[in-house]
Amino acid sequence: MAATNPTPSEFIRHHLTNLTYGQHPDGSWGLAESAQQAADMGMMAFHVDSLFWSLVLGVTFLWVFRSVAKKATAGEPGMMQNFVEWIVEFIDDNVRGSFRAKNDLVAPMALTLFCWIFLMNFMDLLPVEVLPRAAEFFFGLHFQKIVPSTDPNITFGLGLSVFGLMLYYSLKIKGPIGFAAELTMHPFEAKNPLLKVLFIPVNFFLEFVSLISKPISHSLRLFGNMYAGEMIFILISIMFSSLSAWILVGGALQFVWAVFHILIITLQAFIFMVLTIVYMDMAHDNHAH
């Protein structure tokens, strides 16, 4: 860290700041060396640490599953093959139970999202200081956030990608007219033509708000839960710089929270995956209007 003996507020601010690459006020591009510089770079900056760890974890997932698939045998499977097959069957059961149409993209997408998000969330269980200290010692990097799902840019990127697919399949399956009818003919319906016309703007407002809320809630749910979990780990780690009695308390709290957090990181990956399946099912639901 930049300061030798940072105050608790400086410690928290440091660990919540991304390694940011962007344009400085003088027009040059480079890494921000302070939280204020990172904030001044604005919307066009890149969170290098979030992008790096997302890519590393995504490639790790693909490599592991590809390696297992290449070595898969019809005979007695190994422990890793059993584990991968269990995950695939678990995802397949959830897709079959929630997705009524036929689309070969949905199951692989659900598998990828669940495993990728779980790995990103799992980074929160690593000690708060280890990788940031290593990055500073070996590469001179002042900031390093290693949990991509605590970055709203990552969660919104995932949520908006799912939302884009939802809109694409809604238009493809239902057609522009069917999709427009879905937004304007519900929830209020009437047989009277005049009332039907009067209900169109009301229905559109309600359905449009419901539609737009999907990617927002999809993204913020994952971000909020993981950000809160990371904040608790950071607060607990502050105890290790206090008296010996607080070190023992901090160690006990960290263990308890880590055990409980295993459930949280798995549940958040599962919820994101299930909502994705449900949204895709809604996009393929071509009921008559």
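The values are calculated or read from the model by the stated rules, or taken from the named source; none is laboratory data. Since we're looking at a predicted model, the values are computed, not measured. Positions of Cβ are backbone-derived with ideal geometry, glycine not excepted, and every protein chain shown enters the neighbour counts.
If a residue must be over 17 Å from residue 110 (Cα atoms) and either hydroxyl-bearing (Ser, Thr, Tyr) or touching a helix residue (DSSP H, G or I) at 6+ places or on another chain (Cβ under 9 Å) (or both), how many such residues does region 65-82 contain? Give the steps one after another, and end with the answer.
Initially, region 65-82 is screened for residues over 17 Å from residue 110 (Cα atoms), giving 67-82.
Applying the additional criterion that residues be either hydroxyl-bearing (Ser, Thr, Tyr) or touching a helix residue (DSSP H, G or I) at 6+ places or on another chain (Cβ under 9 Å) (or both) yields 67-69, 71-73, 77-78, 80-81.
Final tally of qualifying residues: 10.
On the basis of being free of Cβ contacts under 8 Å to residues at least 12 places away in the same chain and loosely packed, with under 12 Cβ neighbours inside 10 Å, does residue 196 make the cut?
On the way: free of Cβ contacts under 8 Å to residues at least 12 places away in the same chain: yes; loosely packed, with under 12 Cβ neighbours inside 10 Å: no.
Considered against the rule, which asks whether it is free of Cβ contacts under 8 Å to residues at least 12 places away in the same chain and loosely packed, with under 12 Cβ neighbours inside 10 Å, residue 196 comes out as no.
I need every pair where a residue in region 51-79 that is at negative phi has its Cβ under 7 Å from the Cβ of a residue that is β-branched (Val, Ile, Thr), sequence separation at least 6 or different chains.
53/146; 54/154; 65/84; 68/84
Every residue, every condition in (1) over 15 Å from residue 133 (Cβ atoms); (2) in contact with a helix residue (DSSP H, G or I) (Cβ under 9 Å, 6 or more places away or on another chain), yes or no:
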| residue | (1), (2) |
| --- | --- |
| 8 | yes, yes |
| 11 | no, yes |
| 15 | no, yes |
| 22 | yes, yes |
| 28 | yes, no |
| 31 | yes, yes |
| 35 | yes, yes |
| 41 | yes, no |
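Could you check region 165-178 and list, in sequence order, the residues that are surrounded by fewer than 18 Cβ atoms within 10 Å (Cβ to Cβ) and closer than 20 Å to residue 205 by Cα?
167, 171, 176, 177, 178
Does residue 39 satisfy the criteria of being within 16 Å of residue 19 (Cβ to Cβ) and either surrounded by 15 or more Cβ atoms within 10 Å (Cβ to Cβ) or free of Cβ contacts under 8 Å to residues at least 24 places away in the same chain (or both)?
Numbers: within 16 Å of residue 19 (Cβ to Cβ): yes; either surrounded by 15 or more Cβ atoms within 10 Å (Cβ to Cβ) or free of Cβ contacts under 8 Å to residues at least 24 places away in the same chain (or both): yes.
Yes: the conditions hold for residue 39.
Quick test for you: out of 173, 234, pick the one residue that is in a helix (DSSP H, G or I), in contact (Cβ under 8 Å) with a residue 40 or more places away in the chain and over 30 Å from residue 267 (Cβ atoms).
Working: 234 fails: over 30 Å from residue 267 (Cβ atoms).
Matching residue, one of 173, 234: 173.
I'd like to know if region 206-222 contains one or more residues that are surrounded by 14 or more Cβ atoms within 10 Å (Cβ to Cβ), at pLDDT 95 or above and among the hydroxyl-bearing types (Ser, Thr, Tyr).
Checking region 206-222: at least one residue is surrounded by 14 or more Cβ atoms within 10 Å (Cβ to Cβ), at pLDDT 95 or above and among the hydroxyl-bearing types (Ser, Thr, Tyr).
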